[in-house]
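Structure first, then comments.
The values are calculated or read from the model by the stated rules, or taken from the named source; none is laboratory data. All figures in this text were calculated on a predicted structure; none of them were measured in a lab. Neighbour counts run over all protein chains shown; Cβ positions are idealised from the backbone, glycine included.
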Amino acid sequence: MADETSDRRNQARIKILELANMISVPMSLNAAVRLKVPDAIWAGGSNSPLSASQILAVIRSSSSSSSGGDPENLQRILRMLASYGVFEEHLVGSGERKYSLTDVGKTLVTDANGLSYADYVLQHHQDELLKAWPLVHEAVLDPSVEPFARANGEPAYSYYGKKPEMNVLMLRAMSGLSVPFMRAVLDSGYDGFAGVKRLVDVGGSAGDCLRMIMGKHPNVTEGINFDLPEVVAKAPSIPGVTHVGGDMFEFIPTGDAIFMKWILTTWTDDEVKSIMENCCKALPAGGKLIACEPVLPKVSDDSHRTRALLEGDIFVMTIYRTKGKHRTEEEFRKLGQLAGFPHFRALYIDYFYTVLEFQK
């Protein structure tokens with residue numbers, strides 16, 4: 001070993017301590033969301049720096065709670081999350097700490113439609129999901145059963161289907177992610193929906209993506225929101241959109257184009273090929289499958305983008321399918337060709353989701 005007093009060894013030791021204690025980050029983020037701290041600081045757009053005591057006062061007034069709370073413990077959480085760029089810390093007066101929202105923190109603020117990334121945080125940290133994480137090593141030893149199923153007795157999708165509260169949270173979480181992503185795609189000048197009249201959204205959840213696409217592209221006059229029966233049963237009525245329940249492994253409704261977001265990631269290569277083959281059958285000659293999926297870079301680095309993609313890959317392995325995964329662009333291209341799509345292009349509009357076009 002090198003000299004333990006060297007900077008190199010000191011850096012190594014502090015790094016492994018950071019990694020070992022990393023659970024403090026998502027759990028503190030979860031606590032801040034549960035306490036509605038981002039909304040309390042945002043206060044309708046003022047985003048004025050507040051102390052922990054002031055934040056607690058806002059929380060109490062909005063929840064009609066008489067409990068005083070502990071500002072010191074809240075400040076400890078805020079200070080740690082400030083080191084990760086969720087909050088900005090302001091030292092005022094004789095050293096009092098106040099906090100405002102960074103751009104990262106603003107993603108957790110509830111918008112006019114009641115949406116934000118907060119539900120995505122809560123969805124990831126439900127008790128049933130947390131029980132799976134100590135079993136990640138089992139995905140290496142025996143990939144036939146994902147850690148979630150080992151911890152809860154059945155796969156995630158069937159488990160969610162029996163838990164209405166989990167389905168509702170999933171719908172809200174997906175809506176919270178879909179809306180800003182679709183704004184980015186639609187405002188980017190993306191031309192993939194040109195000439196499309198009947199658009200099928202596979203795994204469309206509440207239908208938010210179809211609503212936004214049809215609002216931007218009036219040529220899309222008919223939208224088919226296709227998802228599991230228990231999901232579309234809770235979807236709201238949207239003009240021009242028909243909610244259809246079914247199983248994408250059995251059939252996919254016909255359309256001029258098929259859209260999907262974050263669907264292919266959670267399945268094995270063989271399952272993805274089956275889904276894409278059903279898409280190909282449902283499309284006319286020249287029709288397109290537009291899939292928005294995380295795409296891994298060729299080279300691993302320490303950028304936020306690469307880390308988010310690789311962390312998401314482990315989430316899929318742990319919760320949904322041990323052999324479901326985030327894929328590289330080339331892996332998607334090859335799967336498309338095997339499924340009957342000779343033409344392919346990838347558009348990097350969003351940092352997390354890549355728009356993948358497969359043309360028949």
Per the filter on region 112-162, residues closer than 30 Å to Cys209 by Cβ and small (Gly, Ala, Ser) are Ala112, Gly114, Ser116, Ala118, Ala132, Ala149, Ala156, Ser158, Gly161
Checking Val109 against (1) of a type in the set (Val, Ile, Thr); (2) within 21 Å of Asp227 (Cβ to Cβ); (3) buried (at least 19 other Cβ atoms within 10 Å of the Cβ), which single condition isn't satisfied? (2)
Matching residues in region 253-301 (surrounded by fewer than 21 Cβ atoms within 10 Å (Cβ to Cβ), within 17 Å of Asp201 (Cα to Cα) and of a type in the set (Lys, Arg)) number 1
Could you say whether any residue in region 154-164 is in a helix (DSSP H, G or I) and among the hydrophobic types (A, V, I, L, M, F, W, C)? yes
Among Arg183, Arg172, which is the only one that is at pLDDT below 95, surrounded by fewer than 18 Cβ atoms within 10 Å (Cβ to Cβ) and basic (Lys, Arg)? Arg183
Test Val272 against the stated conditions and say whether it is in contact with a Ser or Thr (Cβ under 8 Å, 6 or more places away or on another chain), of a type in the set (Val, Ile, Thr), in the same structural domain as Gly324 (by TED's automatic domain parsing) and touching a residue at least 40 places away in the same chain (Cβ under 8 Å). no
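Residues are listed down the side, and each one gets a yes or a no for (1) among the aliphatic types (A, V, I, L, M); (2) within 23 Å of Lys323 (Cβ to Cβ):
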residue	(1), (2)
Met212	yes, no
Gly215	no, no
Thr221	no, no
Asn225	no, no
Ala235	yes, no
Val244	yes, no
Glu250	no, yes
Which helices (runs of 4 or more DSSP H) does region 24-79 wholly contain that include 1 or more residues that are more than 27 Å from Gly176 (Cα to Cα) and modelled with pLDDT of 95 or more? 52-63
If you go through region 67-103 one residue at a time, how many are loosely packed, with under 12 Cβ neighbours inside 10 Å, under 19 Å from Asp39 (Cβ atoms) and within 24 Å of the chain's Cα centre (by Cα)? 1
Which of the following residues is of a type in the set (A, V, I, L, M), loosely packed, with under 14 Cβ neighbours inside 10 Å, closer than 26 Å to Phe251 by Cα and assigned by TED's automatic domain parsing to the domain that holds Ile314: Ala194, Ala156? Ala194
In this structure, is Lys98 basic (Lys, Arg) and not assigned by TED's automatic domain parsing to the domain that holds Gly176? yes
Answer with yes or no whether Asp227 is farther than 26 Å from Gly161 by Cα, assigned by TED's automatic domain parsing to the domain that holds Gly336, free of Cβ contacts under 8 Å to residues at least 40 places away in the same chain and acidic (Asp, Glu). no
